[in-house]
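The structure that follows is given in the form of structure tokens.
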Amino acid sequence: YIPRSFIIFPLNQRIIKTTGFIAKTAWAGAAYNLLLYILASHVLGAMWYLSSIGRQFSCWSNVCKKDNALRVLDCLPSFLDCKSLDQPERQYWQNVTQVLSHCDATSSTTNFKFGMFAEAFTTQVATTDFVSKYLYCLWWGLRNLSSYGQNITTSVYLGETLFCITICIFGLILFTLLIGNMQTSLQSMSVRVEEWRVKRRDTEEWMRHRQLPPELQERVR
């Protein structure tokens, strides 16, 4: 979606530059701009969800390394893979390890800082069905893109900070494009109205010059 987004927005500007407008009616233009905004929110929400899962995996990996360093319990990287859920040694490890409890984003005693990604686990988005997961991620993208990420609580994690900066900049760019498209639509509508007035005036002058009967003039109008 990210490469596709880099193609869609420049193509949108080329269409406006060539034709002067993106749609023939104001409603069609508004719907088109709304679809672009929803697409951007969808991409943003998907990136947030994938980053949340990656952040959870990072916590598990860090705690596993600490357990292996202390030689408390062998924590193999394969235990964090879903493919090993049915393995007996993995089930034994799950019953005695504290890796999962130390990486519980819903617990106040967890030392790992999830930051903006904690919401994916406190709201149980990661464990819900696909439709609810998709709609919530779309809502997350719409909410934070429209507010430029002002309501996001972040940690000092570098990737998280860069992601928030990207949200803020991307929101400002979309807002600027929206204002520009609205101005272009208004200008194109004004041009079409002026062209209609000139055409009507020329028609009236032509009918008066030809001295057409009033009944025929009404039919022409």
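Name the residues in region 166-190 that are modelled with pLDDT under 75, exposed (fewer than 12 other Cβ atoms within 10 Å of the Cβ) and among the hydroxyl-bearing types (Ser, Thr, Tyr), would you?
Ser190
On to the next question. All but one of (1) surrounded by 15 or more Cβ atoms within 10 Å (Cβ to Cβ); (2) modelled with pLDDT under 90; (3) in a helix (DSSP H, G or I) hold for Lys133; state the number of the condition that does not hold.
Just one mismatch for Lys133, condition (2).
Something else now. Taking Glu194 and the conditions (1) modelled with pLDDT of 70 or more; (2) out of contact with any Cys (no Cβ under 8 Å at 6 or more places or on another chain), which numbered condition does it fall short on, given that it satisfies the others?
Condition not satisfied by Glu194: (1).
Shifting gears a bit: Taking the options Ala105, Ala120, name whichever one is touching a residue at least 24 places away in the same chain (Cβ under 8 Å), touching a Phe, Trp or Tyr at 6+ places or on another chain (Cβ under 7 Å) and not in a helix (DSSP H, G or I).
Testing whether each residue is touching a residue at least 24 places away in the same chain (Cβ under 8 Å), touching a Phe, Trp or Tyr at 6+ places or on another chain (Cβ under 7 Å) and not in a helix (DSSP H, G or I) leaves just Ala105.
Looking at region 146-165, which of its residues are modelled with pLDDT of 85 or more, aromatic (Phe, Trp, Tyr) and farther than 20 Å from Asn111 by Cα?
Scanning region 146-165 gives a single hit, Phe163.
Check off (1) modelled with pLDDT under 85; (2) within 30 Å of Leu174 (Cα to Cα); (3) among the β-branched types (Val, Ile, Thr) for Val43 and give me the number that stays unchecked.
(1)
Could you list, in sequence order, all residues of region 54-86 that are of a type in the set (A, V, I, L, M, F, W, C), within 17 Å of Phe117 (Cβ to Cβ) and surrounded by fewer than 14 Cβ atoms within 10 Å (Cβ to Cβ)?
Within region 54-86, Phe57 is the sole residue that qualifies.
What is the one condition in (1) modelled with pLDDT under 80; (2) in contact with a Phe, Trp or Tyr (Cβ under 6 Å, 6 or more places away or on another chain) that Ser52 does not satisfy?
(1)
Looking only at residues in region 137-159 that are without any contact (Cβ under 8 Å) to a residue 60 or more places away in the chain and assigned to a helix (DSSP H, G or I), which one is nearest to Arg55 (Cα to Cα)?
Leu158
The values are calculated or read from the model by the stated rules, or taken from the named source; none is laboratory data. Every value quoted in this text rests on a predicted model; they were computed, and no experiment measured them. Cβ sites come from the backbone with ideal geometry, for glycine too, and all protein chains shown count toward neighbours.
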